[in-house]
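Contents: one structure, followed by commentary.
No value in this document is a laboratory result; all are computed from the given coordinates. Here the structure is a predicted model, which means the values were calculated and not measured. When we count neighbours, we look across all protein chains shown, and the Cβ atoms used for this are built from the backbone with ideal geometry, even at glycine.
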Number of protein chains: 2
Amino acid sequence: MNKVIREAATILPLNQILDGDCIDLMNGLPAESVDLIFADPPYNLQLKGDLHRPDNSRVDAVDDHWDQFASFQVYDDFSREWLKAARRLLKPNGAIWVIGSYHNVFRLGAALQDAGFWILNDVVWRKSNPMPNFRGKRLTNAHETLIWAAKSEDSKYTFNYEALKALNEGIQMRSDWVLPICTGHERLKDDNGDKAHPTQKPESLLHRILIGTTNAGDVVLDPFFGTGTTGAVAKKLGREYIGIEREAAYREVAEKRLKSVRKFDRSSLEVTTSKRAEPRVPFGQLVERGMLSPGEELLSMNGRYRAKVRADGTLIGNDVKGSIHQVGAALEGAPSCNGWTYWCYKRDGKRVPIDLLRQQIRAEMVERPN
Amino acid sequence: MNKVIREAATILPLNQILDGDCIDLMNGLPAESVDLIFADPPYNLQLKGDLHRPDNSRVDAVDDHWDQFASFQVYDDFSREWLKAARRLLKPNGAIWVIGSYHNVFRLGAALQDAGFWILNDVVWRKSNPMPNFRGKRLTNAHETLIWAAKSEDSKYTFNYEALKALNEGIQMRSDWVLPICTGHERLKDDNGDKAHPTQKPESLLHRILIGTTNAGDVVLDPFFGTGTTGAVAKKLGREYIGIEREAAYREVAEKRLKSVRKFDRSSLEVTTSKRAEPRVPFGQLVERGMLSPGEELLSMNGRYRAKVRADGTLIGNDVKGSIHQVGAALEGAPSCNGWTYWCYKRDGKRVPIDLLRQQIRAEMVERPN
DNA sequence: GCCGCAGTTGAATCGCGCC
DNA sequence: TGGCGCGATTCAACTGCGG
């Protein structure tokens, strides 16, 4: 801990959870005293009725009072006020992370820019296990967006390029991060065994943020502390934290959690690493990418059957419609069929297995596990 | 081309590129005449000096005059004006796609919401081959963001759920799409052999958008047409397009490109459809036709409940009377139940789902529609 | 202890047409 | 135009139990 931090510590309520409204409390703290802010504000989801899964079970929606706003205008006023208070607290070279979904993140991003923050990246948290779209009316909402911004255009912000590169197996870290949502033992439960907080963030996400954009000893503030994921990871990684949370139930869970956290917990470093098999390539992608055209004919490897490619990546042959696997199986009268090795196409009079196209796509993907 | 489209064609400049300012031109077109808008507006990149690669070669940045705006305020005014004109053009059930990067997309998204559009999804285009961050000062900017929004909250927007699911090998399409940037033969060159447009989008992106959110024959408008990717894919897929582009050089490249594009043949454009589109068959018809007899017993799929068929096509089981759906729901204590997939009957000692009888009727209907 | 299977769950702006 | 009723719709993980 260097001298500056030690002095600040006499004023700053380090490693504590403050009880109350984040705007009031931030306005009461000394200006230019914080290195990084992580903020997970209410998303302002505008949910109407209940939603049921196809098996008729009810989805436990986020319908808490703290997520309700009367209008975009009210939400914007709130956002601009807490962002203003947050910006005042940041040191000149400080930075902020904000997370949101399409319901609120565009308003949040515009408010950040208007407040004088300088956006450095937007980062996509691609969820490996999102909730599906049960009604089939939209795309699976499989990601959330984070915005990383410096206090101002000329801030000398912290970016640990090499550390993130190392986390990413030697390849420069990209703006899309694949991480699982918070489940299992990490997900905190209340006394009834229900989830303690409806939107607890995974520690892996905060781990990457704090490793990449803070140094040991830095002061990290979270104005929407919830169950304290930011504090837990900060403590593990040797950063100082300040939490603000107005709901007593969340504060209690967070206090208990933080007591049991130890610095340099090695196991937490392993959270983000996971092995992955070869990435799945949908056949439809060959069509979208023009490697095969709708209307083009495929030939079975044994030369016995033909089928035509359709615009949605299905085949039609002998009146059978379906995936490359389904049509292959139907034509052969087999229970199953690997379409990738069954079909080929013609180029310059030669038969070429479609699997070669898949290999080409995989080579381009250079997929990283995380 | 059906009657409605033919009439509209007398007013709408279909399959043309209009020369001029998109706001003026959109205001001159008839209201509620367009099914889908795809817009790739200027990104308002705020680039300072030149950028060089580690080998000192200069990066060819987007520094065209059309991408320069004096301030966020000016950019917002511009965005809100073209969005207003665009919204007027959309049919009540129409929708819009907008693409942007962190420089502009937050402002665009907020403007969309303020204009009354209803966001359906934000979609991340994850680039398989992005430009690296040469200076190591930020994360590799490896994605762009698309916003899909309906004209209003109660628009009955087009979503070809099954077609997108087919494109994704039978798994529901997610909000993150991995696609390569536009390179190689697809990337259009000018007479000097330089790229004809700095931000040409890949056809694969438009293919997915048009397959997923339009039907054949729909009118698709692109107010920032550029080199005409939207038009090219629309033509291939049998959609009508309207392009607007004020730069003569881009219009020329696009005209040439569109002339050489051919529509895919009819059958390959057919796409996997949802059950919802199939004709409704009342359960009573199975009784009328003698496929099931009054008094016959049905068994629930899980084997737990029985019910008796009545002459009017209702069921009675455990003192509950009503439709196959109502009785199923009541017995299971569920909010709803699809009776077609819930009940089966016995034939030769085997359980047969009643849905097979419905499929039989539907098959006959295709042969003799009336 | 390991494997398989059944059950549960996650920041969700999640019908439509007829009368 | 509001109410009612048909009937369509899910993926990846993790938990716990039984063999």
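Temperature 25 °C, viscosity 0.890 mPa s: under these conditions the Stokes-Einstein estimate for chain B, based on its Kirkwood radius over C-alpha pairs, is 102 µm² per second.
Ordering A:71-79, A:236-244, A:285-293 by mean Cβ neighbour count within 10 Å, with the highest value first, yields A:236-244, A:285-293, A:71-79.
Given the convex hull of the Cα atoms of segment A:197-353, what is a quarter of its surface area in nm²? Walk me through the intermediate numbers first.
Values: hull surface 61.1 nm².
Taking the Cα atoms of segment A:197-353, their convex hull projects to 15.3 nm² on average.
Label reach from B:N56 (point 7 Å along Cα→C-beta): in segment B:110-140, no amide nitrogen lies under 13 Å.
If we count every other residue with Cβ under 15 angstrom of A:Q16's Cβ, Lys/Arg +1 and Asp/Glu -1, where does the sum land?
Net of charged neighbours comes to +1.
Only Cα pairs under 8 Å and at least 6 apart count here; give the relative contact order of segment A:283-367 as a rounded whole percent.
Rounded, it is 22 percent for segment A:283-367.
Any idea what log10 I(q)/I(0) is at q = 0.13, 0.17 Å⁻¹ for segment A:318-370, Debye with uniform C-alpha scatterers and no solvent? Relative scattering, expressed as log10 I(q)/I(0), comes to -0.44, -0.66. Note: the protein assembly as shown, Cα convex hull, 199 Å³ per residue. When B:G170 is represented by a point 7 angstrom out along its Cα-to-C-beta vector, the spacings to that point in the other copies are 3.7 nm, nearest first.
Relative to the Cα centre, what is the charge dipole magnitude of segment A:283-367, using +1 at the beta carbon of each Lys and Arg, -1 at the beta carbon of each Asp and Glu, and rounding to the nearest 20 debye? Walk me through the numbers on the way to the answer.
Working: 12 positive and 10 negative charges, 52 e Å.
Computed charge dipole of segment A:283-367: roughly 240 debye.
Each other copy places its own label point for B:K346 at 5.6 nm from this one, sorted shortest first, where the point lies 7 Å along the Cα-to-beta carbon line. For B:A363 and B:D24, the difference between the fully extended length at 0.36 nm per residue and the C-alpha to C-alpha distance is 116.9 nm.
Highest mean first, what order results for B:100-112, A:179-191 on Cβ atoms within 10 Å?
On the way: B:100-112: 23.2, A:179-191: 13.6.
Ranking, from highest mean packing down: B:100-112, A:179-191.
Among the aspartates and glutamates, which have Cα under 14 Å from the Cα of A:K84 when same-chain residues fewer than 8 positions away are ignored? Reachable aspartates and glutamates: A:D24, A:E32, A:D76, A:D114.
Length, then width, then depth: along the principal axes, the Cα atoms of segment B:66-119 run 35, 19, 19 Å.
Centroid-to-centroid, using Cα positions, segment A:231-258 and segment A:334-358 are 55 Å apart. Maximal additional length on extending the B:E32-B:S128 stretch stands at 30.8 nm, based on 0.36 nm per residue less the C-alpha distance.
Within straight-line reach of A:K350, meaning a Cα separation under 18 Å, sit the following aspartates and glutamates at least 8 residues removed in sequence or on another chain: A:E296, A:E297. Across segment B:182-198, computed HN-Hα scalar couplings (Karplus, 6.51 cos²θ - 1.76 cosθ + 1.60, θ = phi - 60°) run 7, 9, x, 5, 5, 6, 6, 10, 8, 5, 7, x, 7, 5, 6, 9, x Hz from first to last residue, x flagging Gly and Pro.
May I ask you to derive the FRET efficiency for B:Q16 and B:A216 from their Cβ-Cβ distance with R0 = 22 Å, giving the value to the nearest 0.05? Mind showing how you got there, number by number?
On the way: r = 19 Å, r/R0 = 0.88.
Result of the calculation: an efficiency of 0.70.
When peptides A:18-27, A:221-230 are ranked by their average number of other Cβ atoms within 10 Å per residue, the highest-first order is A:221-230, A:18-27. Please work out, to two decimal places, the log10 of the ratio I(q)/I(0) at q = 0.21 Å⁻¹ from a Debye calculation in which every Cα of segment B:283-367 carries one identical scatterer. Taken in order of the listed q values, log10 I(q)/I(0) reads -0.95. For segment A:94-141, a/c is not less than 1.5, where a ≥ b ≥ c are the root eigenvalues of the C-alpha gyration tensor, and a/b tops b/c. That puts it in the prolate class. Distances, shortest first, from the label point of B:D191 to those at the same position in the other copies read 8.2 nm; the point lies 7 Å along Cα to C-beta.
Principal axis extents of the C-alpha atoms in segment B:105-207 (largest first, rounded to whole Å): 48, 34, 32. Only helical runs count toward this figure. For chain B, summing -39,500 (n - 2.57) over DSSP H runs of n ≥ 4 and dividing by all residues gives -8500 deg cm²/dmol at 222 nm.
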